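Chemist: What follows is a single structure, and I will ask about it in a moment.
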Amino acid sequence: MATMNPFEQQRPVEGIKKIIAVSSGKGGVGKSTVSVNLAAALAKRGLKVGLLDADIYGPSLPRMSGTLHQKVELDENKRLIPLERFRVKLMSIGYLVDEDLAVVWRGPMLFKAMDQFFRDVAWGELDYLLIDLPPGTGDIQLSVAQKVPVAGAIAVSTPQNVALTDVKKAIDMWAQVRVPVLGVVENMSWFIPPGSTERVQLFPKGQIDSWLDERGIAKLGEVPFNPNVGLGAEAGIPVVESDSKSPEAEAFNAIASRLIEAVPLA
């Protein structure tokens with residue numbers, strides 16, 4: 001009996017040119033912060049951008065984009081109409097389920113939900129659709145890789161070796177599902193205290209740079225730590241919008257440039 005190719009279900013999403021996955025091996029590294037700011041940075045360049053919050057169990061996009069408690073409507077074809085903020089089209093399970101309610105689903109339900117987010121949402125014409133994935137290497141990551149052609153994946157990490165250990169797993173996962181890794185974003189790389197010019201390492205600097213160099217994997221950027229980034233996330237305003245001249249915003253803009261270079265539209 002012939003073995004079924006797990007990628008036979010893979011079909012492009014009409015109107016979407018490039019799909020980019022934003023992932024992390026572990027939680028707490030700022031993956032959603034990177035996703036929201038990167039999407040906003042791309043949109044500020046005049047590109048048509050969408051952001052899909054694929055974290056079914058712990059969606060953070062509604063709060064981080066300032067769309068908390070908003071609900072989506074259906075168009076004439078009974079497709080979900082994405083919300084829009086900062087010129088980015090947004091979709092999340094958080095627009096369908098109350099923030100305080102747990103989503104208790106098994107794998108097959110996750111697969112179906114992800115398919116609906118791709119096929120039953122009126123995304124329209126997009127240059128880039130960014131997918132903010134949950135931490136880890138589980139059902140949702142596999143579902144995305146099987147259902148749509150992902151142009152590339154970004155892994156988000158913090159500097160220390162305990163985070164690098166999980167980044168290695170995320171990168172290995174993408175290799176197994178045949179998705180090219182565009183590079184790693186190192187978040188919370190350093191902190192400059194007020195009134196000082198000296199960088200302070202909030203985390204011990206691990207071997208992430210040497211590990212990436214050995215494998216020819218790019219570091220797409222280093223984002224400094226600033227409490228204002230977290231405050232902006234709570235308030236629903238990404239730092240590329242609230243403080244566009246800050247080092248953090250400049251870092252996200254540089255990452256956006258490298259993404260465009262790595263995954264050109266033409």
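The values are calculated or read from the model by the stated rules, or taken from the named source; none is laboratory data. No experiment lies behind these values; they were computed from the predicted model shown. Virtual Cβ from ideal backbone geometry, glycine too; neighbours counted across all protein chains shown. Areas reflect the complete protein model, heavy atoms only, side chains present, ligands, DNA and RNA absent. Shrake-Rupley method; radii C 1.70, N 1.55, O 1.52, S 1.80 Å.
Chemist: Considering only protein heavy atoms, with the full assembly of protein chains and a 1.4 angstrom probe, order Thr197, Thr165 by accessible area, largest first. Mind dumping the intermediate values first?
Modeler: Values: Thr197 120, Thr165 70 Å².
Result, largest first: Thr197, Thr165.
Chemist: Identify all aspartates and glutamates with a Cα-Cα distance to Lys44 below 14 Å; exclude those on the same chain that are fewer than 8 residues away in sequence.
Modeler: Straight-line reach from Lys44, under 14 Å: Glu84, Asp127, Glu241, Asp243, Glu250.
Chemist: So between Lys168 and Lys245, what do we pick up on full extension, going 0.36 nm a residue minus the alpha carbon distance?
Modeler: 24.5 nm
Chemist: Taking 35 Å as R0, compute the FRET efficiency from the Cβ-Cβ separation of Asp209 and Tyr57 and round it to 0.05.
Modeler: 0.60
Chemist: Same structure again: Could you give me the ³J(HN,Hα) list for the range 183-198, computed from phi with Karplus coefficients 6.51, -1.76, 1.60 and θ = phi - 60°, whole Hz, x at Gly and Pro?
Modeler: Ordered by residue, 3J(HN,Hα) equals x, 10, 9, 8, 9, 6, 5, 7, 9, 10, x, x, x, 10, 10, 8 Hz.
Chemist: Next up: Return the percentage of antiparallel bridges among DSSP beta bridges fully within the range 39-95, rounded to the nearest 5 %.
Modeler: Numbers: 4 of 9 bridges.
Percent antiparallel among DSSP bridges in the range 39-95 is about 45.
Chemist: Is it possible to state the helix-based mean residue ellipticity at 222 nm for the chain, with each DSSP H run of 4+ residues giving -39500 (n - 2.57), the sum divided by total residues, to the nearest 500 deg cm²/dmol? What is it?
Modeler: -10000 deg cm²/dmol
Chemist: To continue, here is another question. Return the sequence-ordered ³J(HN,Hα) values of the range 214-222 in whole Hz as given by the Karplus equation 6.51 cos²θ - 1.76 cosθ + 1.60 applied to θ = phi - 60°, using x for Gly and Pro.
Modeler: Each residue's phi maps through the Karplus curve to give 4, 9, x, 9, 6, 9, 6, x, 10 Hz.
Chemist: Continuing with the same structure: What does DSSP give for the chain in terms of the percent of beta bridges that are antiparallel, rounded to the nearest 5?
Modeler: 15 percent
Chemist: With 26 Å as the limit, write out which pairs from Lys31/Lys112; Lys147/Lys168; Lys147/Lys169; Lys18/Lys89; Lys17/Lys147; Lys17/Lys169 have Cα-Cα distances beyond it, or answer none.
Modeler: Pairs exceeding 26 Å: Lys17/Lys169.
Chemist: Of all DSSP beta bridges in the range 15-141, what percent run antiparallel (nearest 5)?
Modeler: Here the antiparallel bridges make up roughly 20 percent for the range 15-141.
Chemist: Note down the accessible area of Ser23, probe 1.4 Å, to the nearest 10 Å².
Modeler: Its accessible surface works out to 0 Å², give or take rounding.
Chemist: Can I ask one more? Would you kindly derive the ³J(HN,Hα) couplings of the range 57-67 from the backbone phi angles with the Karplus curve 6.51 cos²θ - 1.76 cosθ + 1.60 (θ = phi - 60°), listing them in order in whole Hz, with x for Gly and Pro?
Modeler: For the range 57-67, the Karplus-derived couplings read 7, x, x, 10, 4, x, 6, 6, 9, x, 10 Hz, x marking Gly and Pro.
Chemist: Starting from the Cα of Arg199, step 7 Å toward the Cβ, then list every residue of the range 205-231 with an amide N under 15 Å from that point.
Modeler: 205-210, 219-226
Chemist: How much accessible area does Lys44 have with a 1.4 Å probe, in Å² rounded to the nearest 10?
Modeler: Here the accessible area works out near 90 Å².
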